[in-house]
1. Per residue, how much accessible area does segment 1-126 have with a 1.4 Å probe, in Å²?
2. Using a 10 angstrom cutoff on alpha carbons, build the Gaussian network for the chain and name the most mobile of 338, 391, 295.
3. Using a 1.4 angstrom probe on the protein heavy atoms only, could you order 156, 215 from most to least accessible area?
4. Per the 1.4 Å probe, what fraction of the accessible area of the chain, in percent, lies on carbon and sulfur atoms?
5. Excluding residue 230 itself, calculate the net charge of residues whose Cβ lies under 15 Å from the Cβ of residue 230, where each Lys or Arg counts +1 and each Asp or Glu counts -1.
6. Is segment 69-225 rounded, prolate or oblate when judged by the Cα gyration tensor, a ≥ b ≥ c being the square roots of its eigenvalues, rounded requiring a/c under 1.5 and prolate requiring a/b larger than b/c?
7. Quick one: putting +1 on the C-beta of Lys and Arg, -1 on the C-beta of Asp and Glu, what dipole do you get for segment 174-276 around its Cα centre, in Debye to the nearest 20?
8. Report the semi-axes of the equivalent ellipsoid for segment 300-415 in whole Å, largest first, where each axis is √(5λ) for an eigenvalue λ of the Cα gyration tensor.
Amino acid sequence: MATVLSNEVKQALQDIYYNERTGRGKQAFALLERASQAGDGDASCVLARCYCGRQYVWAGHGFPEDDDKAIHFLHKSVEQGSALGVLVALRSGELTPSVQKNMPFASLQEAFEQAEALAQGGDAFSQYVVGNAYFWWDFLRIFDKGPDSFPNQGAFQAYLKENISKCEDWFWKAFRGGMYFAANNLNQYYEKGDEDIIAPQPEKAKDLWRMGAEFGHPIDQAIYADELTKEGKKEEALGWYKKAAEGGHPGAWYDVGRCYFNGEGTAKDAAYAVTCFERELARDPIYCGACNLLGKAYLLGDGVPQDYAKAYQYLSTAYYKQDSKWGAFYLAQCCFNGWGTPQDYGQALRFLNDVTWQNQEADYMRGFIYTHGLGVAEDIPKGVAFLQKAGNFAKAKEELLNYKKTLFGKWVRRK
């Protein structure tokens with residue numbers, strides 16, 4: 001039962017949480033694996049968190065997500081005597097009676113006190129774990145308390161308020177010490193409060209993402225940039241998107257590229273935008289936004305030489321592998337005209353069925369397909385309705401000249 005964190009765990013926490021933009025996450029992961037194998041329970045605890053996915057560790061590290069391994073290492077950390085492991089297992093619902101029986105602590109309170117000592121010693125991860133014990137009410141099980149422990153409901157409510165509110169100070173210490181995830185819980189604490197026990201204080205939440213961004217955390221830089229974008233401060237947002245991208249945050253190079261492609265917060269520079277999209281796809285070859293906008297760039301020849309085959313490739317990657325309907329209209333154009341893919345009116349219509357927004361050219365293509373019976377049964381009235389819906393779209397107006405109404409009000413083709 002370690003009363004201090006090992007040098008291996010301290011280094012890993014630096015690289016994984018406190019100074020994650022250094023790019024040493026994978027080395028830290030390997031360091032934890034070796035330390036865990038050597039019997040370091042705290043290493044097993046942190047390693048378990050690394051396997052839990054982006055809800056518990058920055059996605060920029062690219063760690064494998066594996067629930068079974070996370071549970072294995074969490075149980076192992078308890079057995080190896082990690083007080084932090086006990087509290088994380090409790091929070092995760094993994095401290096079952098059989099697992100708790102294997103911990104070398106006389107009680108949960110003993111484990112908590114050891115974790116609290118680590119937190120008081122200044123370790124941000126430990127401060128975050130202790131803060132969670134108060135934030136999520138785990139202190140009730142730790143100290144074996146419940147409504148029956150108090151003379152009346154009011155006394156129980158007072159006990160809850162006193163202890164839940166302790167999370168605030170612990171989360172601030174953790175956040176300032178480098179544990180960026182503490183900002184998430186602080187934000188929830190301030191925005192929502194806690195039932196009728198802790199009142200919301202949204203005014204205290206407004207600077208969290210800015211602070212995290214200034215601390216240098218890429219994930220907070222991206223979130224803060226999103227907030228600035230919503231406020232219309234697009235030039236300032238672009239600066240933070242760039243910092244997040246340079247720090248390795250997944251999706252940030254796409255955001256930088258999107259800004260330059262659309263001229264948001266900067267002069268339009270489609271060529272540079274394409275470079276940004278390519279950098280994002282080098283990290284994740286099926287990143288949805290980058291595939292869509294790079295596909296559009298190749299379709300229009302915007303920032304790159306026009307290349308219909310590449311346009312269709314990127315747009316269809318987003319459509320099929322990321323279930324994105326954003327590029328459905330462009331894919332329909334490709335199939336309708338035979339751009340970068342064999343002409344296929346039936347496939348074009350299937351893509352057009354996903355174009356649920358107003359689009360005159362989409363209505364023209366629908367109308368043309370139905371009036372000519374291309375890939376579907378001929379339906380002139382239905383096709384004419386779409387052509388009329390296309391309004392002043394030139395090709396639709398021209399196509400409508402080929403049809404007339406009979407005396408009985410039926411649309412037919414002119415002979």
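1. For segment 1-126, the solvent-accessible area averages 44 Å² per residue.
2. It is 391.
3. Result of the area sort, largest leading: 215, 156.
4. Exposed carbon and sulfur together represent 48 percent of the surface.
5. Result for the neighbourhood of residue 230: -2.
6. oblate
7. 320
8. Result for segment 300-415: semi-axes of 29, 14, 12 Å.
The values are calculated or read from the model by the stated rules, or taken from the named source; none is laboratory data. Note that the structure is a prediction, hence the values are computed from the model and not measured. Quick reminder, even Gly has a Cβ in these numbers, built from the backbone with ideal geometry, and neighbours come from all protein chains shown. Please note that ligands, DNA and RNA were not included when accessible areas were found on the heavy atoms of the full protein model with its side chains. Shrake-Rupley method; radii C 1.70, N 1.55, O 1.52, S 1.80 Å.
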